[in-house]
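Student: Just dropping this structure here.
The values are calculated or read from the model by the stated rules, or taken from the named source; none is laboratory data. These figures come from a predicted structure and were not determined experimentally. Using ideal geometry, Cβ is built from the backbone for each residue, glycine included, and neighbour counts are taken over all protein chains shown.
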Amino acid sequence: MQKLQNYINGELVEPISGRYIDNYDPAIGEVYSLIPDSNEEDVQQAVAAAQAAFEGWSLMPAEQRSRIMLRISALIEDNLDRLAKAESVDNGKPVSLATQVDIPRAAKNFWFYATGLGHYSSQAHAMENAAINYTLRHPLGVVGCISPWNLPLYLFSWKIAPALAAGNCVVAKPSEITPMTAYLLSEICQQAGLPKGVLNIIHGYGHKAGAAIVSHPQVKAISFTGGTKTGEAIAREAAPKFKKLSLELGGKNPNIIFADCNYEQMLETTLRSSFANQGQICLCGSRIFVEKSLYEKFKKDFVARVKDMCIGDPAVDGTHIGAVVSEPHMNKILSYIELAQQEGGTLLTGGKRHQLQGRCANGYFVEPTVVEGLSYDCRVNQEEIFGPVVTIMPFETEEEVLKYANSVQYGLSSTVWTESLNRATRLAQQIEAGIVWVNCWLLRDLRTPFGGVKASGVGREGGFDAMEFFTEPKNVCIKIN
Ligand code: NAD
């Protein structure tokens with residue numbers, strides 16, 4: 001059984017307590033590796049290493065930093081198959097998804113911020129010949145990056161890459177449920193020649209290792225992606241210490257379909273936006289609203305396509321739906337399906353744990369599930385399920401669907417399907433969300449800001465918003481005599 005280690009000051013080290021946590025393969029329902037059960041002392045060592053490395057890293061010429069980050073990016077690409085397999089085993093996601101999306105995007109994160117380094121410069125302006133004003137941007141020092149289990153290496157690197165590019169040193173914690181690719185990243189950083197202490201990776205529980213990162217006085221900022229409740233706890237801890245916070249939290253995203261849409265494109269994309277990664281992407285469109293005149297046709301075609309999806313071993317090509325991430329998470333999803341029926345919903349397909357044969361007989365598989373007949377304000381339509389469960393509902397007018405869309409506490413992403421530019425523009429202005437996709441889903445450009453409103457988060461990541469987050473501006477005003 002493989003024992004993972006923390007990555008502190010460039011070395012792979014045991015947790016100080018000597019204790020380890022079981023790590024499950026969700027497709028077979030068995031423990032397959034052990035991860036450090038780190039505590040405050042491990043975090044203290046990591047922060048001290050990061051602090052010691054800060055001067056060297058932040059003063060290193062940008063080109064040199066950039067070259068090291070490009071080597072990390074290239075090594076992620078070189079190790080594509082190994083990383084994709086590790087991600088699939090850890091998380092239950094189909095290996096094809098990890099190979100085509102997760103791992104290439106992780107490599108791209110390092111590439112993007114390595115190549116964007118030079119674009120992030122100070123600004124200067126003259127004040128009516130009386131003074132020269134310029135604004136420097138300094139790295140913050142040691143920053144904390146904490147990520148969830150659904151897109152493990154992609155979201156981990158999404159935070160670490162801009163933090164490093166801006167000249168910070170990092171103490172990072174992956175989810176205790178999916179630690180493997182973060183562990184492999186530590187090996188890659190060693191190979192790439194990342195100086196000791198610049199990146200430190202601590203494994204363990206959120207309430208222990210994660211909380212110790214958040215509360216450490218030398219950690220100047222926290223970039224966190226995860227659940228809304230955890231985000232609240234982090235904000236409570238960090239606010240009185242005046243730490244900078246970026247919180248990327250839960251979602252309950254609307255997918256709004258008008259009768260004039262490009263039907264085939266919409267149907268194919270809606271299948272993905274509903275069930276990709278077993279519906280465990282914060283951007284999945286879990287509430288599908290369909291214009292009344294199209295509703296019956298959509299329902300028939302969509303349900304038929306969902307029934308055709310292949311639930312299977314994530315390691316096998318052709319699997320559309322792999323395992324959900326853990327047994328407790330599976331039980332949570334199943335309890336929401338139960339609730340949907342109690343709330344008056346009808347299951348059009350799915351609704352149960354799925355039983356596979358052979359090596360996956362004890363895996364955590366849930367059938368892709370479509371529910372209709374629920375009101376927009378019931379719990380199933382208001383709370384984040386984060387699994388392969390969608391609700392469908394008809395609407396008649398733009399005003400009505402806007403009310404449904406905006407009725408939730410969340411505001412992460414949304415999708416609108418229409419060929420009318422006027423309608424798309426109107427809705428894009430009024431939907432309460434950080435992202436509005438029109439006639440597409442998950443089309444991302446790393447230059448653009450990413451994040452949510454309301455309970456979906458505070459701040460923006462991605463692009464140069466992330467560079468802004470990981471730096472502090474300092475205005476210098478020089479009077480001209
Ligand atoms: P989670 O909040 O349980 O855990 C996320 C991370 O925080 C883990 O590494 C965990 O160990 C750590 N953690 C837990 N308690 C902590 C504490 N008190 N202090 C510090 N760290 C702590 O979330 P999860 O179950 O891993 O992920 C699923 C959630 O993430 C969903 O709600 C999903 O919508 C959200 N998510 C959001 C985005 C986004 O960009 N908005 C992206 C992906 C996932």
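Student: Which residue is farthest from the ligand (Cβ to nearest atom), if the candidates are limited to the range 197-240 and must be buried (at least 16 other Cβ atoms within 10 Å of the Cβ) and among the basic types (Lys, Arg)?
Tutor: Lys220
Student: Still on this structure, I have one more. Taking Asp313 as the residue in question, decide whether it is modelled with pLDDT under 95, within 23 Å of Cys360 (Cβ to Cβ) and part of a loop (DSSP other than H, G, I, E, B).
Tutor: Judged against the criteria, Asp313 is not a match.
Student: Restricting attention to the range 214-228, does a residue exist that is free of Cβ contacts under 8 Å to residues at least 40 places away in the same chain and either assigned by TED's automatic domain parsing to the domain that holds Ala323 or not polar (S, T, N, Q) (or both)?
Tutor: yes
Student: On the basis of being among the charged types (D, E, K, R), within 13 Å of the ligand (Cβ to nearest atom) and within 23 Å of Ser157 (Cβ to Cβ), does Lys243 make the cut?
Tutor: Taking the combined requirement at face value, the residue satisfies it.
Student: Turning to a different aspect of this structure: Show the residue pairs meeting these rules: Cβ distance below 8 Å; 6+ apart or different chains; first residue within the range 346-362 and outside any loop (DSSP other than H, G, I, E, B); second residue of a type in the set (Ser, Thr, Tyr).
Tutor: Leu347/Thr369; Thr349/Thr369; Arg353/Tyr364
Student: Enumerate the helices (runs of 4 or more DSSP H) found wholly within the range 28-146, keeping only those where 3 or more residues are closer than 20 Å to Ala182 by Cα, free of Cβ contacts under 8 Å to residues at least 60 places away in the same chain and out of contact with any helix residue (DSSP H, G or I) (no Cβ under 6 Å at 6 or more places or on another chain).
Tutor: Result: empty, no element qualifies.
Student: For the range 454-473, name all the residues that are of a type outside the set (Ser, Thr, Tyr) and away from the ligand (no atom under 11 Å from the Cβ).
Tutor: Lys454, Gly463, Phe464, Asp465, Ala466, Met467, Glu468, Phe469, Phe470, Glu472, Pro473
Student: Next question. For a quick check of your reading of the model, give me the residue pairs whose first member lies in the range 277-293 and is without any contact (Cβ under 8 Å) to a residue 40 or more places away in the chain, whose second is away from the ligand (no atom under 16 Å from the Cβ), with beta-carbon atoms closer than 8 Å and at least 6 apart or on different chains.
Tutor: Ser293/Ala259
Student: Let me ask something additional. I'd like the residue in the range 22-49 that is among the charged types (D, E, K, R) and farther than 15 Å from Ile202 by Cβ and, out of all such residues, is surrounded by the most Cβ atoms within 10 Å (Cβ to Cβ).
Tutor: Asp25
Student: Would you confirm whether any residue within the range 284-295 is of a type in the set (Lys, Arg) and within 28 Å of the chain's Cα centre (by Cα)?
Tutor: Yes.
Student: Still on this structure, I have one more. Name every residue in the range 166-178 that is in a loop (DSSP other than H, G, I, E, B) and within 9 Å of the ligand (Cβ to nearest atom), in order of residue number.
Tutor: Within the range 166-178, Pro174, Ser175, Glu176, Ile177, Thr178 meet the criteria.
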